[in-house]
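Below is one structure, written out as structure tokens, with a few remarks after it.
Bear in mind these aren't lab numbers, they're just calculated from the coordinates by the rules spelled out. None of the values given here were measured: they were computed from a predicted structure. Please note: Cβ atoms are built from the backbone with ideal geometry, for glycine as well, and neighbour counts cover all protein chains shown.
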Amino acid sequence: MQGEPITRSLTLNLYIYHKQPQHMQFDVIVIGSGPGGYVAAIRCAQLGMKTAIVEKYNTFGGTCLNVGCIPSKALLDSSEHYYNASHTFATHGIDIKGLKVNLAQMIKRKDQVVQENTSGIAYLMKKNKITTFLGTGSFKDKNTVVVTKEDGAAEEISATNVIIATGSKPTALPFLPVDKKRIITSTEALNLSEVPKHLIVIGGGVIGLELGSVYARLGAKITVVEFLDGIIATMDRTLSKELQKSLARLGFDFKLSHKVSKAEVKGKNVVVTASNAKGEEVEIEGDYCIVAVGRTAYTQGLGLENIGIKTEERGGKIPVNDHLETEVKGVYAIGDVVKGAMLAHKAEEEGVYVAERIAGQKPHINYNLIPGVVYTWPEVASVGATEEQLKESKKAYKSGSFPFKASGRARASMDTDGLVKVLADKETDEILGVHIIGPRAADMIAEAVVAMEFRAAAEDIGRICHAHPTYTEAFKEAALAATENRALHM
Ligand code: FAD
Ligand code: NAD
């Protein structure tokens, strides 16, 4: 139907419906209701397509809303309040007596936040007249999906187009059996019944550092065991080093260049074995261990074999072309289950993209400008090329930085850790990358994304009025520093 008017497909569907009354017939079936799937469904419905969504679990929203972005941010916010109350309130002139952590209430509030968000998606499905099916979706053929409910009851639905948005699951290491009690994944870490005394985090990536931060703020000792020689390794090295310093001040211990080979539960403890850069074996004992070594595309039970789709050997992702269509015409795949960053906002963009492609439009996604954020404190946010990438590609660039300790706003809020770094083309001054570690970096990065989408020069940002006092002035100052080394407050 790609490139054809919707009306034609609707007529076609009506025809098929009369011929095969036992199948409910749609223009589009979306399998999976995470940020990729539910956004795709909404956009399809907005474009006039008769849309169905199939979700295996009893709530909508996928990993992101149920066990990912939203619950982790809820706990990050709660733990940050506690940390500030215990560490900075006195300096602000606020004295509190009898401060203590009520973890059960923290988890309960997090659950309420999740419930509000997931029921919000159910409301959006209804509002957009999207037909919902709860059950596992599996291909019978390229146009027919069998939905099997928990009790085994099955029904078939058909569509001209199917969008696979089945997301990802935590990567399992064969030598690290997760028992979900002492050796856990991010999912269990969102529901602990006690604050660990010593939490061992395997993997110095986003999940490990965010969830490690939650429990560090609540008083746990955290040891991060990371295979590479730096944390958040895909981001600009400056951010990695700065974040490591900040987290060390929070009580994190880092064992970098350590390859984990084993974890064993011993009573109420876990012993993790790793080999260091010299090849020596190191044992670390804690009461909990989170395995956060990445996520793997999830396609189990989808029946891809019935339509001849083979997943990639490494990572299990579904191969797609530049238009996110699989090798089977009319079957698309988006989000974590396909190539690219495993991020909710990337999945959402792809959901909109595919819906518009199916409707015959010519949408576009700028994959170079998908921001990455780590919700530690200070927050870390980044868009565009890293300095390491520019060096590797031998691009002539200039760099300007501005530290938050020189920002009046940051001093006022006692958030002086971190900096903004702007990388610009040496010849044209076009901004090539922006890397921020500091207060509200997650929100600040939006300005950089807009600037880069419009191909702004560093000087453009330096000449734009930024409200005072705000953290965003640090971006302007870093841009000025990159332009002609003429930051005003440094
Ligand atoms: P998912 O959200 O994984 O949704 C897939 C859905 O498909 C699931 O509901 C699943 O049940 C369903 N499904 C699977 N198979 C079938 C089937 N056969 N039939 C029916 N339904 C099926 N990203 C960010 O951008 N920002 C963050 O702050 C962030 N924080 C995170 C924190 C944690 C702890 C984790 C684990 C992840 C986080 N992520 C974050 C990543 C983000 O959650 C994912 O990138 C995003 O959810 C991917 O969306 P998706 O729609 O591709 O898949
Ligand atoms: P990650 O890829 O960010 O980090 C995993 C880390 O584990 C890597 O640094 C890797 O070198 C290390 N590692 C792998 N094997 C190891 C071993 N045997 N021993 C020691 N270290 C090992 O993965 P993650 O933190 O699990 O997150 C998964 C995905 O979820 C990411 O792709 C991320 O994009 C997404 N996510 C995003 C956010 C966010 O946007 N704020 C938050 C959470 C998760």
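Values for this structure:
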| quantity | calculated |
| --- | --- |
| DSSP-defined antiparallel bridges as percent of all bridges, the chain, nearest 5 | 60 |
| Sites residue 268 and residue 339, calculated FRET efficiency, Cβ-Cβ separation with R0 56 Å, nearest 0.05 | 0.85 |
| Environment charge of residue 134, counting only residues whose C-beta is closer than 10 Å and scoring Lys/Arg +1, Asp/Glu -1 | 0 |
| Cα gyration tensor, region 195-285 - rounded (a/c under 1.5), prolate or oblate | oblate |
| Within straight-line cross-link reach of residue 329, lysines at Cα separation under 27 Å, skipping those fewer than 8 residues along the same chain | 19, 50, 56, 129, 140, 142, 169, 310, 317, 339, 346, 362 |
| Using θ = phi - 60° and Karplus 6.51 cos²θ - 1.76 cosθ + 1.60, couplings along region 206-215 (whole Hz; Gly, Pro as x) | 4, 5, x, 6, 5, 6, x, 4, 3, 7 |
| Under 13 Å from the Cα of residue 110 - aspartates and glutamates, other chains or at least 8 residues apart | 77 |
| Alpha-carbon spread of region 76-187, three principal axes, descending order, Å | 65, 45, 25 |
| Residues of type lysines that residue 278 reaches as a straight line, Cα spacing below 21 Å, ignoring anything fewer than 8 places off in the same chain | 255, 259, 262 |
| Coil-residue trypsin sites (Lys or Arg not before Pro) of region 385-476, DSSP, other Cβ within 10 Å capped at 15 | 394, 395, 426, 455, 463 |
| Sequence ranges 150-156, 111-117, ranked by mean other-Cβ count within 10 angstrom, highest first | 111-117, 150-156 |
| Around residue 375: net Lys/Arg minus Asp/Glu count, Cβ-Cβ under 10 Å | -3 |
| Helix-only mean residue ellipticity at 222 nm for the chain, each DSSP H run of n ≥ 4 adding -39500 (n - 2.57), per residue, nearest 500 | -10500 deg cm²/dmol |
| Efficiency of FRET from Cβ geometry, residue 312 and residue 428, R₀ 45 Å, rounded to 0.05 | 0.75 |
| C-alpha center-to-center spacing [region 188-212, region 439-488] in angstrom | 34 |
| Convex hull volume of the chain per residue (C-alpha atoms, cubic angstrom) | 171 |
| Inter-label distance for residue 108 and residue 454, nm, one decimal - labels placed 7 Å from Cα along Cα-to-Cβ | 4.8 |
| Table column - 3J(HN,Hα) (Hz), region 143-155, Karplus curve with 6.51, -1.76, 1.60, x for Gly and Pro | 10, 10, 10, 9, 9, 10, 7, 4, 7, x, 5, 10, 9 |
| Percent breakdown of C-alpha pair distances by 10 Å bin, ordered from the shortest bin, for region 242-348 | 12, 27, 23, 23, 14, 1 |
